[in-house]
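The values are calculated or read from the model by the stated rules, or taken from the named source; none is laboratory data. Just so it is clear, the structure is predicted and the values come from calculations on it, not from any experiment. Please note: Cβ atoms are built from the backbone with ideal geometry, for glycine as well, and neighbour counts cover all protein chains shown.
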Amino acid sequence: MLRHAIAGIGAVALAMACAGTALPDAPYPTKLITIVVPFSAGGAGDLFSRLVADQLRPSLGQPIIIENKTGASGNIGAESVSRAPADGYTLLTAPQLTFSINHLLNPNLRFDPRTMEPISVLATYPFVLFARSDLPANSVSELIAHAKANPGKLSYASQGQGQLGHLAMEALKLRADVDILHVPYRGTVPAMNDLLGGQVDLLADSLLAGMQHVQSGKLKLLAVGGKERLKAFPNVATFAETLPSFYCDTWMAMAAPPGTPKKVTQLLSDAIARVLQSPDLKRRLAELQVEPFGSTPDQMAALIKESHDRWAPVIAKANITVE
């Protein structure tokens, strides 16, 4: 009986050991994947996520749902993913600043976004500088001259405290040594509405946010934040043509909870890179004025560092925080 008991214990131990060693080699994915977007439906992050998810479903062979979990400038959704099981079945799609400087803007943040596992940068796009149509400036150099001649009389809207439009304009103020009043809003829509109504003079945002108003003549473009001029508006110069090395571009990326196995993040990254080569998806993204990327996890990590190095000094010099 003793021999049988020892043999039984040994068999259980062997089974447990085998189960433990088999776990890392378990197939992925085998069930539904949830992509959390920490902003409301209809925004850029939501739209990109849905476009990519539509292509990933057949590629991965599993259902994928988008969950919009809003609040606290995107931190509620991001925190929920940071605390999710590290198994690759709960993912986050969020903009650049979530991963690079969120911890600097929010000193009381309850999670560390730097511990998230990079998967892929989905797409990149420049910010542009919109202006009311009757503003007596048609370029960055003319804007700087007008601001210097009228200190404190110009105003700019932003999507909110610590958002990219806020950082970009504060960087411009620091670089050009001009005084322009910041008027924060709760998102792009109310900021754009007041720019159209003439309550504010300027707004830095994605081209998609106001392209139709530029085309109709209700607004004008003063500058492009990328390294190249836009094909749709070849006569609009980049910021860097006036202020060398001044860039204001952004990207939307996907990440996984801390500790997610590298083989899972690499598998997802490879799948995203493949689907972003789809002619249909390329066409849809081109319509949104964005460039598909499909980075590796290491490339995404490098872009996170680049973003931190670009915006951290602005945050410090302008003393920007989010309560």
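Of the residues making up region 98-116, those that are closer than 16 Å to Val81 by Cα, crowded, with 21+ Cβ neighbours inside 10 Å and not β-branched (Val, Ile, Thr) number 4. Can you say whether Ala301 is over 19 Å from the mean Cα position of the chain (by Cα) and among the hydrophobic types (A, V, I, L, M, F, W, C), as far as the supplied structure shows? It is false that Ala301 is over 19 Å from the mean Cα position of the chain (by Cα) and among the hydrophobic types (A, V, I, L, M, F, W, C). Every residue in region 160-196 that is more than 26 Å from Pro244 (Cβ to Cβ), of a type in the set (A, V, I, L, M) and in a helix (DSSP H, G or I), please. Answer for region 160-196, where residues must be more than 26 Å from Pro244 (Cβ to Cβ), of a type in the set (A, V, I, L, M) and in a helix (DSSP H, G or I): Val189, Ala191, Met192, Leu195, Leu196.
I'd like to check something: does region 219-230 contain any residue that is over 22 Å from Thr124 (Cβ atoms), outside the structural domain of Gln96 (by TED's automatic domain parsing) and at pLDDT 95 or above?
First pass over region 219-230, keeping only residues over 22 Å from Thr124 (Cβ atoms): 219-220.
The next check asks that each one be outside the structural domain of Gln96 (by TED's automatic domain parsing); those that pass are 219-220.
Now restrict to residues that are at pLDDT 95 or above: 219-220.
Yes: one or more hits.
Each residue in region 127-156 was checked for being of a type in the set (Gly, Ala, Ser), surrounded by 16 or more Cβ atoms within 10 Å (Cβ to Cβ) and at pLDDT below 95, and 0 pass.
Each row is one residue, and each column tells you yes or no for (1) at pLDDT 95 or above; (2) surrounded by fewer than 18 Cβ atoms within 10 Å (Cβ to Cβ); (3) outside any helix (DSSP H, G or I).
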site	(1), (2), (3)
Ser269	yes, no, no
Lys282	no, yes, no
Ala286	no, yes, no
Met300	yes, no, no
Lys305	yes, yes, no
Val314	yes, no, no
Lys317	yes, yes, no
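With the requirement that a residue be farther than 20 Å from Val121 by Cβ and either part of a loop (DSSP other than H, G, I, E, B) or out of contact with any Cys (no Cβ under 7 Å at 6 or more places or on another chain) (or both), what does region 239-260 give you? Scanning region 239-260 gives Ala240, Glu241, Thr242, Leu243, Pro244, Ser245, Phe246, Gly259. Checking each residue in region 28-60 for being under 20 Å from Leu281 (Cα atoms) and among the polar types (S, T, N, Q) picks out Ser49, Gln55, Ser59. Set side by side, the residues Ala204, Ala123, Ala223, Ala131 differ, and just one is of a type in the set (Gly, Ala, Ser), part of a strand (DSSP E or B) and in contact with a Pro (Cβ under 8 Å, 6 or more places away or on another chain), which is Ala123.
The set of residues in region 75-96 that are assigned to a helix (DSSP H, G or I) and in contact with a helix residue (DSSP H, G or I) (Cβ under 6 Å, 6 or more places away or on another chain) comprises Ala78, Gln96. Taking the criterion of being more than 24 Å from the chain's Cα centre (by Cα) and crowded, with 19+ Cβ neighbours inside 10 Å, the residues of region 179-209 that qualify are Ile180, Val200, Asp201. Across region 77-96, the qualifying residues are those that are under 22 Å from Gly165 (Cα atoms) and in contact with a Ser or Thr (Cβ under 7 Å, 6 or more places away or on another chain), and the one among them that is surrounded by the most Cβ atoms within 10 Å (Cβ to Cβ) is Thr93.
Filtering region 41-62 to residues that are part of a loop (DSSP other than H, G, I, E, B) and either within 21 Å of Val290 (Cβ to Cβ) or of a type in the set (A, V, I, L, M) (or both) leaves Ala41, Gly42, Gly43. On the stretch given as region 210-229, residues that are crowded, with 19+ Cβ neighbours inside 10 Å and either closer than 16 Å to Ala168 by Cβ or of a type in the set (Phe, Trp, Tyr) (or both) total 7.
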